[in-house]
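The values are calculated or read from the model by the stated rules, or taken from the named source; none is laboratory data. What you see is a predicted model; the values in this text were computed from it and never measured. Note: ideal-geometry Cβ built from the backbone for every residue, glycine included; neighbour counts use all protein chains shown. Keep in mind that these areas ignore ligands, DNA and RNA; they rest on the heavy atoms of the full protein, side chains included. Shrake-Rupley method; radii C 1.70, N 1.55, O 1.52, S 1.80 Å.
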Amino acid sequence: MTKNILLLAHLDESGNGLPKAAGEALGAAVELAKQLNASLSIGLIGGDVQAAADSVANSGAQRLLAVMGSDFAQPRFASDLLAAEALCRTASADLILAPATSRFLRALPGLAHRLNGRVDTHITSIQVVDGAVCATRWFYRQRIEGVFQRDARPWILLLDSGCHEAYCGPSGKAAIEEIAVALPSEARRTTIAGIRAPKSDSQTIRPDAALLFVAGAGWTKKQPDGKSHPEQAESLILGFLRASGASLGGSKSLVDQSGENQAVLGFMTHLNQVGQTGATPRHPKGLSTCCHGEEPHVVGWRFINERRAINLDPNCGWARGKADVLYVADAFEVMAKVNDLLKKPQS
Amino acid sequence: MSNGYHIVVCGSVVPDPLQTLEPIETPAGPALKNEMLLPAVLDPWAAHALYEAANLAAHAAGSKVWLVSLGAKAKLRQVMMTIAQKVSFELVPIDGPASGFADAHATAALLAEAIQSITGLDRSRLLLFGGWESASRGAGVTMQLIGERLGILDQFQGVDQLRVQPDGAFEILERIEGGRHQVSLCQGPPALFGWATGNLPEPRNNPQIGMANMRAIMPALQRAKTAAPAPDAIRYRSASPPKQQRQTRIVKNLSAEEIAREIVAWIEKA
Ligand SMILES: Cc1cc2nc3c(=O)[nH]c(=O)nc-3n(C[C@H](O)[C@H](O)[C@H](O)COP(=O)(O)OP(=O)(O)OC[C@H]3O[C@@H](n4cnc5c(N)ncnc54)[C@H](O)[C@@H]3O)c2cc1C
């Protein structure tokens with residue numbers, strides 16, 4: 001039986017608030033605590049957590065614990081693990097919920113070992129079935145969905161973003177129980193030197209965009225006139241991204257080319273790759289262009305709700321139940337018109 | 001660095017991503033239909049880790065690379081036929097399940113044990129490599145648990161770049177949200193790196209490397225111990241393929257202008 005639920009969260013990059021995914025995990029934790037009649041604690045990690053703690057002061061959590069200070073401000077496996085361990089032990093948590101942020105995905109699986117517990121990541125939902133907590137996640141890169149439970153406790157569950165309503169309540173004045181954690185020298189062997197981001201004009205990955213725009217290798221292939229038109233492709237794609245605010249994804253074939261020859265769509269990197277060995281982004285809509293829609297690519301579209309594709313080939317993968325609409329057309333022509341329309345205000 | 005690194009890469013075999021996967025129920029839990037008949041590949045992100053390991057070893061004299069792999073012996077043999085031609089390594093095979101439904105905790109225990117039993121492994125020079133997520137479980141759990149079992153406190157995931165600094169420290173780029181990288185500096189080994197794609201192309205097949213590797217790989221496969229992961233209390237209620245198959249509307253006879261209007265209307269619809 002689950003008695004103590006702990007919601008673990010870290011501060012966002014601003015160092016003030018909580019990441020969106022943490023609000024969603026808290027939403028799930030509040031709901032679960034009610035269903036299981038369990039007590040809920042919140043454990044925060046970061047530099048100065050007061051503002052974040054205040055924002056969840058009315059969530060119904062019995063305890064608001066924190067490991068804070070400059071040693072814990074930045075993501076680092078060794079320090080995050082020590083902080084999380086101290087919070088879990090103080091809360092005597094048997095079920096630990098946390099957002100699947102890059103920071104926590106890099107550290108909380110290790111926590112399971114320290115607590116002699118179990119961990120599961122990329123959870124898309126948590127349900128109580130016949131009194132038992134059941135988690136859902138995808139296996140084989142979004143090809144098979146599994147629902148499972150574990151008897152071992154503590155059980156750590158990292159929830160993917162976009163899978164639960166975020167907690168939303170009025171802020172208040174939180175009374176924080178600070179847990180002191182001393183960082184040994186072995187935990188300081190790594191230091192964080194900052195974040196490297198593409199220049200703002202080539203920042204093409206926008207996780208919060210309403211639309212994912214996918215470019216495939218067709219953009220750089222020979223066209224009906226017998227030539228390839230990479231410059232035109234580049235200007236059409238970038239023009240569309242600017243006008244629509246969409247996030248840019250690419251097929252493996254296209255990003256691999258970019259890696260080998262920077263002249264081909266220079267703004268495409270492996271970080272843009274969608275699919276089996278790329279990302280599985282979450283956006284309400286997705287538009288695929290010049291991409292064949294092969295299975296290793298389309299598994300990356302699992303969390304794209306509405307899907308449309310433009311392809312010259314009426315028998316491409318998208319035609320086979322993978323898109324809602326397939327436009328059999330030349331993407332160069334269509335995207336030029338789309339860009340024109342987006343520039344002109346619609347009547 | 002004097003004497004180089006001891007790089008242990010953990011990587012298993014997974015079904016070729018072009019295959020259709022169908023789950024079935026077995027008394028031991030879910031499994032893939034015809035799993036043993038599906039062609040297999042080395043887990044893609046682990047393969048990147050292996051290529052990065054070989055590249056790093058080539059630039060640090062005295063280094064050595066091991067590939068520790070838990071999988072069905074027949075599948076390991078099949079995959080080694082190609083992988084062994086790419087880069088030099090010593091295989092440490094464990095004959096056991098590589099299923100995505102097998103528990104990461106039990107898998108990590110077996111792999112950690114295998115690493116601890118490698119003769120001549122210098123743990124002070126150890127760099128533990130693997131994929132940041134597998135193509136089977138896709139959880140990013142196994143490597144961290146192995147690292148914990150081996151007492152490695154410097155761990156990095158989603159690694160795209162590892163650069164050795166003149167003083168022997170590492171500069172590491174890890175993937176974070178929004179297509180960016182976190183840059184870290186680590187004093188040196190021992191450390192763990194869960195690789196994403198990295199920067200290296202897949203090495204071409206080199207039959208000479210293949211022959212040299214296979215001389216040790218075949219006997220290692222013959223000697224491979226069969227391991228049964230400790231039964232864990234993970235209980236599956238269901239395992240099913242996605243239900244949604246879309247009814248694709250195929251639009252063939254519209255002009256580019258008409259399609260563009262339809263697309264813009266769709267994009268702008270809330
Ligand atoms: C281990 C492994 C992992 C993989 N992982 C991934 C992954 O993560 N992501 C991924 O994407 N792939 C992955 N793949 C590769 C995948 O199988 C396909 O090879 C790849 O997705 C093909 O990319 P593409 O559709 O862009 O290119 P192509 O197959 O070359 O298709 C190009 C398409 O462009 C169309 N086209 C050309 N010109 C035009 C035009 N003017 N207008 C409209 N359409 C046009 C053509 O009709 C064609 O359909 C993986 C493969 C393996 C073996």
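Translational diffusion coefficient of region A:211-343 (Stokes-Einstein, Kirkwood radius from Cα pairs, 37 °C, 0.692 mPa s): 226 µm²/s. With both residues required to sit in region A:4-188, DSSP beta bridges show an antiparallel share near 25%.
Per-peptide packing, taken as the mean over residues of other Cβ atoms within 10 Å, places B:205-216, B:32-43, B:184-195, A:59-70 in the sequence B:184-195, A:59-70, B:32-43, B:205-216 from highest down.
Give me the distance in nm between label points sitting 7 Å out from Cα along the Cα-to-Cβ direction at residue A:221 and residue A:343, one decimal. For residue A:221 paired with residue A:343, the spin-label model returns 2.9 nm.
Peptides A:284-294, B:169-179, B:90-100: what's the order by average Cβ count within 10 Å, highest mean first? Walk me through the numbers before you get to the answer.
On the way: A:284-294: 23.6, B:169-179: 19.8, B:90-100: 21.5.
Peptide ranking by packing, descending: A:284-294, B:90-100, B:169-179.
Just so you know, the Cα atoms of chain A work out to an Rg and Dmax of 22.9, 70 Å. A crude spin-label estimate for the pair residue B:16 and residue A:203, with each label 7 Å from Cα along the Cβ direction, gives 4.2 nm.
Provide the FRET efficiency to the nearest 0.05 for the residue B:28-residue B:220 pair, computing r from the beta carbons and using R0 = 35 Å. Once the sixth-power term is evaluated, E becomes 0.80.
Relative contact order for region A:204-347 using alpha-carbon pairs under 8 Å, separation at least 6, rounded to a whole percent?
24
When peptides A:151-162, A:38-49 are ranked by their average number of other Cβ atoms within 10 Å per residue, the highest-first order is A:38-49, A:151-162. The rule of thumb for compact globular proteins, 2.2 N^0.38 Å, goes into the C-alpha radius of gyration of region A:4-188 0.95 times.
Net charge near residue A:92: determine it from the other residues with C-beta under 11 Å of the C-beta of residue A:92, scoring Lys and Arg +1 and Asp and Glu -1.
Details: positive: A:3, A:63, A:89, A:153; negative: A:94.
Net local charge, residue A:92 excluded: +3.
Count charges around residue A:333 for me, please; just the other residues with Cβ under 15 Å from its Cβ, Lys/Arg as +1, Asp/Glu as -1. Combined, the nearby Lys, Arg, Asp and Glu give -3.
When the accessible area of region B:6-226 is computed with all protein chains present and a 1.4 Å probe, what percentage of it is carbon and sulfur? Numbers along the way, then the final one.
Numbers: 4490 of 8400 Å².
The C+S portion of the solvent-accessible surface of region B:6-226 is 53 percent.
Once the Cβ-Cβ distance of residue A:34 and residue A:306 is raised to the sixth power relative to R0 = 35 Å, the FRET efficiency obtained is 0.60.
Within a 10 angstrom radius of each residue's Cβ in A:193-199, how many Cβ atoms of other chains show up on average? Whole number is fine. If you can, show how the numbers build up before the last one.
On the way: counts 7, 4, 6, 8, 5, 4, 0.
Going residue by residue through A:193-199 and averaging, the value is 5.
Taking the C-alpha atoms only, the angle from helix B:104-116 to the longest principal axis of chain B is near 30 degrees. All Cα-Cα separations within the protein assembly as shown were binned at 10 Å from zero, giving a P(r) of 3, 16, 26, 26, 19, 8, 1, 0, each value a whole percent of the pairs.
Beta bridges per DSSP, both residues in the protein assembly as shown: antiparallel share near 35 percent.
Summarise the partner chain shielding of A:320-332 as one whole number: the mean count of Cβ atoms from other chains within 10 Å of each residue's Cβ. Please list the in-between numbers first.
On the way: counts 3, 5, 3, 4, 5, 9, 5, 11, 6, 9, 2, 2, 1.
If you average over the peptide's residues, the count of other-chain Cβ atoms is 5.
Give me the net charge for the shell around residue A:23: Cβ to Cβ below 11 angstrom, other residues only, Lys and Arg +1, Asp and Glu -1.
Details: positive: A:20; negative: A:12, A:24, A:165.
Around residue A:23, the charge tally is -2.
Full extension of the chain segment joining residue A:333 with residue A:186 gains 47.0 nm, where the gain is 0.36 nm per residue of separation less the Cα-Cα distance.
Per residue of peptide A:274-284, the mean number of Cβ atoms on other chains within 10 Å of the residue Cβ is 2. Contact order for region A:4-188, expressed relative to its length and based on alpha carbon pairs under 8 Å spaced 6+ residues apart, stands at 30 percent. Compute the long axis of helix B:207-223 from its Cα atoms, compare it with the longest principal axis of the Cα atoms of chain B, and write down the angle in degrees, 0 to 90, nearest 10. That helix lies at roughly 80 degrees to the long axis. Mean separation of Cα pairs under 8 Å and 6 or more residues apart, divided by the residue count, gives chain A a relative contact order of 14 percent. Comparing A:214, A:298, A:328 in a Gaussian network model of chain A where C-alpha atoms under 10 Å apart are linked, the largest mean-square fluctuation is found at A:328.
At 4 °C and 1.567 mPa s, grab the translational diffusion coefficient of region B:6-226 from Stokes-Einstein with a Kirkwood Rh over Cα pairs, rounded to a whole number in µm² per second. Let's see the in-between values first.
Numbers: Rh = 17.6 Å.
Estimated diffusion coefficient is 73 µm²/s.
Ellipticity at 222 nm from helices only: DSSP H runs of n ≥ 4 in chain A, each -39500 (n - 2.57), divided by the residue count, give -7500 deg cm²/dmol.
May I ask for the percentage of alpha-carbon pairs in region B:145-221 that lie more than 19 Å from each other?
Values: 1624 of 2926 pairs.
Taking all Cα-Cα pairs of region B:145-221, the fraction more than 19 Å apart is 56 percent.
Label separation (residue B:116 vs residue A:168): 5.1 nm, computed from points 7 Å beyond Cα along the C-beta direction. For chain B, the share of DSSP beta bridges that are antiparallel, to the nearest 5, is 40%.
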